[in-house]
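Below is one structure, written out as structure tokens; comments come after it.
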Amino acid sequence: MVMTILVLVCAVLLLVLIGLLIYRASRTFDANPNHTYVVQSQGEIVGALREPATLWDPKMSVLRDKDAPDITYPSRKSQTGEFFTKSLVNRRTGRISLTVNTCTPKPFRSLTLDRHQLEITANVVFRLDIERIHISSQLDNFGATFANRIENLFDNEITRCNDEDIRAQQTRIEQAVTQSLREIEEESKDGNMLNGMPLGIKIYEANFSFVEVDTMAEAQAAQSGPDGRPIGPIWIDQQHIDKLADTLANRDPEVRKAVMRMIELQTRQNVVEMLCKSGGLVAFTAKELGLNDVLSDAKEERGGANRMTAPNKTNGTTAPTPDLGTDAETISTEESSASREVVERDYYGRPIPKQ
């Protein structure tokens with residue numbers, strides 16, 4: 001009888017020991033400086049584990065599975081440049097990463113002070129602050145809030161600069177955004193939230209790269225015809241007018257005059273191409289085509305056409321007129337007799353050769 005009781009007692013003790021070992025194994029978490037676990041008690045977050053610990057109190061539990069916080073942020077793969085959403089939480093175990101990460105929102109557009117559009121790719125290096133990890137754990141959409149804040153701060157700084165000053169001011173802009181992100185997080189320690197809702201993170205640095213958006217090319221592509229060419233006259237919007245002004249600043253007057261002449265001729269060419277697409281007969285004068293400056297001043301008509309003359313200036317001096325003597329008089333007589341002859345012309349005004 002005694003032996004039976006001893007066996008039962010040993011069995012019970014063994015079961016209790018096994019139960020304690022199982023309970024301990026399931027309630028022990030290996031927290032360290034690289035990852036942690038958020039602990040709650042009766043629905044309230046009480047803190048995060050800093051080192052391996054066992055939660056003996058059954059009222060305390062780790063946020064995991066359906067209760068695990070949703071801490072995600074946009075990132076980009078360095079090898080392929082592909083954008084994806086990265087999570088800092090292992091929902092099955094509740095483990096939260098404390099390593100340094102880089103948030104990279106998708107490229108966004110910003111307008112400079114002189115209305116140039118830039119495509120911005122921003123990066124912010126951060127890590128979760130274990131002292132304030134309860135803030136990150138309670139945010140409903142951590143990643144969207146963080147990405148919108150990054151875009152807003154960079155956009156605010158870029159809109160204060162002209163496009164030609166962005167590269168020179170890049171370091172200042174990055175420092176200003178970094179300081180603004182840090183101030184938002186530091187204000188939470190004093191209970192102030194004047195600049196925004198803190199995210200419970202530590203900010204290390206913010207940087208960005210940019211490319212200028214060719215809005216004129218986009219407009220041409222949107223209005224291009226079947227052959228891919230733009231429809232209508234030359235496309236120059238406010239952005240490209242400003243770019244031309246920057247390019248021609250402090251330039252020689254002859255250079256500015258040549259560029260403006262090229263723009264004028266390009267516009268005329270586009271107008272001519274647009275009119276010719278109608279399929280009908282379109283007549284253009286030399287003045288309409290911008291070629292009246294190469295016509296001879298005398299504008300003598302031979303055969304119903306304007307006579308083109310080459311410039312008679314060499315190195316800024318007038319070329320001497322050769323003395324033709326008797327031959328010049330003979331040529332003048334022949335030309336005067338030829339001009340008196342009646343020349344037959346076709347419908348388009350072209351001379352009809354004699355049979």
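Data for the structure
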| read-out | value |
| --- | --- |
| Filter result for His116 (more than 18 Å from Asn34 (Cβ to Cβ) and open to solvent by 30 Å² or more (accessible area, probe 1.4 Å)) | no |
| All positions within segment 247-272 that are out of contact with any Phe, Trp or Tyr (no Cβ under 7 Å at 6 or more places or on another chain) and open to solvent by less than 60 Å² (accessible area, probe 1.4 Å) | Leu248, Ala249, Ala258, Val259, Ile263, Thr267, Asn270, Val271 |
| Residue match in segment 141-160 (condition: more than 25 Å from Thr85 (Cβ to Cβ) and surrounded by 19 or more Cβ atoms within 10 Å (Cβ to Cβ)) | yes |
| Residue ID - surrounded by the fewest Cβ atoms within 10 Å (Cβ to Cβ), chosen from residues in segment 80-104 that are in a strand (DSSP E or B) and out of contact with any Pro (no Cβ under 9 Å at 6 or more places or on another chain) | Asn90 |
| Test: residue in segment 276-294 that is open to solvent by less than 60 Å² (accessible area, probe 1.4 Å), modelled with pLDDT under 75 and not in a loop (DSSP other than H, G, I, E, B) | no |
| In segment 245-258, the residues that are under 19 Å from Asp163 (Cβ atoms), at pLDDT 70 or above and part of a helix (DSSP H, G or I) | Ala245, Leu248 |
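The values are calculated or read from the model by the stated rules, or taken from the named source; none is laboratory data. It should be emphasised that the depicted structure is a prediction, and the values quoted were computed from it without experimental measurement. Cβ atoms come from the backbone with ideal geometry, glycine included; neighbour counts cover every protein chain shown. In case anyone asks, the SASA skips ligands and DNA or RNA and just uses the protein heavy atoms, side chains included. Shrake-Rupley method; radii C 1.70, N 1.55, O 1.52, S 1.80 Å.
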